[in-house]
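Read through the structure below, which is laid out as structure tokens, and then see the notes.
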Amino acid sequence: MDIKNYILRHKEFIETDNYKDLYANLFQEDRPKLTKILLEADVNFLSYVSYVPGFCFYNIQDNSKIKVPEILPNNIREIGPWSFAHTDITRMVLNKNCAAIYDSAFRYCENLTEIYIPKTMRLIGNEVFKLSPIKDIYYEGTDQEWKEIGIMQREDLEAKSVTIHYNSRW
């Protein structure tokens, strides 16, 4: 089956939560290929989902025709493992509804220096920023609220000398 033609013919069907079936049946290494096809076919699936699938944008670089989003739409509540790993993003703005970032979501993002995190965040997984030069975290909540987030490797952020800016608004 030519997946690109299939997507073009069934765009309205795919632009719903049914996209999950497409990703669920793929090996992780094929998920970025599907993302490229969806976006090249002008299927803005991130507007219709609440979860960024694991490996969704993995290794999609600036030289690609695909633009990796740096501002996530309000419907996104969770970011899957390795979703944005190995991309060229320089910053990330998570929306006010985002509550979880799973393991290695921003791993090896060699240009990522800042991220905005809403106070709705409840979980930051293992090695989320490993080998990424993150310098600034803009957190919407207070110092006390930050301490209540389930951060799997809080000491890694402290070792990187990350500056956390509390009560920040995007």
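The values are calculated or read from the model by the stated rules, or taken from the named source; none is laboratory data. What you are looking at is a predicted structure, and each value in this text was computed from that prediction instead of being measured. Cβ placement follows ideal geometry from the backbone for every residue including glycine, while neighbour counts extend to all protein chains displayed. Side chains are part of the model used for accessible areas, which takes the heavy atoms of the whole protein and leaves out ligands, DNA and RNA. Shrake-Rupley method; radii C 1.70, N 1.55, O 1.52, S 1.80 Å.
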Self-check item: Heavy-atom accessible area ranking, 1.4 Å probe, most first, across D156, D136
Solution: D156, D136
Exercise. Could you tell me what % of all Cα pairs in region 57-135 have separations over 17 Å?
Key: 39
Quiz item: Mind listing the phi-derived Karplus ³J(HN,Hα) values for region 28-36, rounded to whole Hz, using 6.51, -1.76 and 1.60 with θ = phi - 60°, and x for any glycine or proline?
Solution: 3, 5, 8, 5, x, 5, 5, 4, 4
Exercise. Run the numbers on region 47-170 and let me know its relative contact order in percent, using alpha-carbon pairs under 8 Å that are six or more apart.
Key: 19
Self-check item: region 130-161 residues near the modelled R91 label - backbone nitrogen below 15 Å, point 7 Å along Cα→Cβ
Solution: 134-140
Practice problem: Please give the per residue accessible area of region 25-170, computed with a probe of 1.4 Å over protein heavy atoms only, in Å². | Solution: 48
Quiz item: For S47, S168, S161, what's the largest-to-smallest order of accessible area, 1.4 Å probe?
Solution: S161, S47, S168
Quiz item: Rounded if a/c is under 1.5, else prolate if a/b is larger than b/c, else oblate: which is region 102-166, with a ≥ b ≥ c the root eigenvalues of its Cα gyration tensor?
Solution: prolate
Quiz item: Between E158 and A99, what length comes free when the chain is fully extended (0.36 nm per residue of separation minus the Cα-Cα distance, one decimal in nm)?
Solution: 19.1 nm
Practice problem: Could you rank K147, K119 by how accessible they are, 1.4 Å probe, largest area first? | Solution: K147, K119
